[in-house]
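One structure is given here, and the rest of the page talks about it.
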Amino acid sequence: MNKVEIQPFQLAKKHKCNCCDRLERIERRLVLWHENQVVGDLELCEQCLMAMLNIINGQEEIIEEWEFQKGGMSNG
Ligand SMILES: [Zn+2]
């Protein structure tokens, strides 16, 4: 089973957000678990962390999946 855990840092530090690449005060990180193993972690600024949590909790929807390979505009 997958799960997501939020781990607070004891000391907030200036760090590059793994999501938006801005240098922000990072206070918490998102740790991804699969079974009983950590498979990855993300150091996110508050904004990205909140957005991520909303998505995880199903409060946001993916509006459109972007296909980078296609290129150009598709008008249907
Ligand atoms: Zn960010």
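Against the chain, whose longest principal axis comes from its Cα atoms, helix 46-56 is set at around 70 degrees. Residues of the chain were split at every exposed loop site, defined as GluC sites (Glu not before Pro) in a DSSP loop with at most 10 other C-beta atoms within 10 angstrom, and the longest piece left, sites excluded, is 1-34. For the stretch 22-69, what log10 I(q)/I(0) values come out of the Debye formula at q = 0.18, 0.21 1/Å, with one point per alpha carbon and no solvent? Values returned for q = 0.18, 0.21 Å⁻¹ are -0.75, -0.91. A simple count of charges around GLU24, restricted to other residues whose Cβ falls under 15 Å of its Cβ and scoring Lys, Arg +1 and Asp, Glu -1, yields +3. About the Cα centre of the chain, how large is the charge dipole given +1 on each Lys and Arg Cβ and -1 on each Asp and Glu Cβ? Please answer in debye to the nearest 20. Taking the Cα centre of the chain as origin, the dipole is about 400 debye. Dividing the helix sum by the residues of the chain, where each DSSP H run of 4 or more adds -39500 (n - 2.57), gives a mean residue ellipticity at 222 nm of -4500 deg cm²/dmol.
Read the figures in this text as sums done on the coordinates, not as results from a lab. As the structure is a computational prediction, the values presented were derived from the model and not from experiment. Note that each Cβ is placed from the backbone with ideal geometry, even for glycine, and that neighbours are counted across all protein chains shown.
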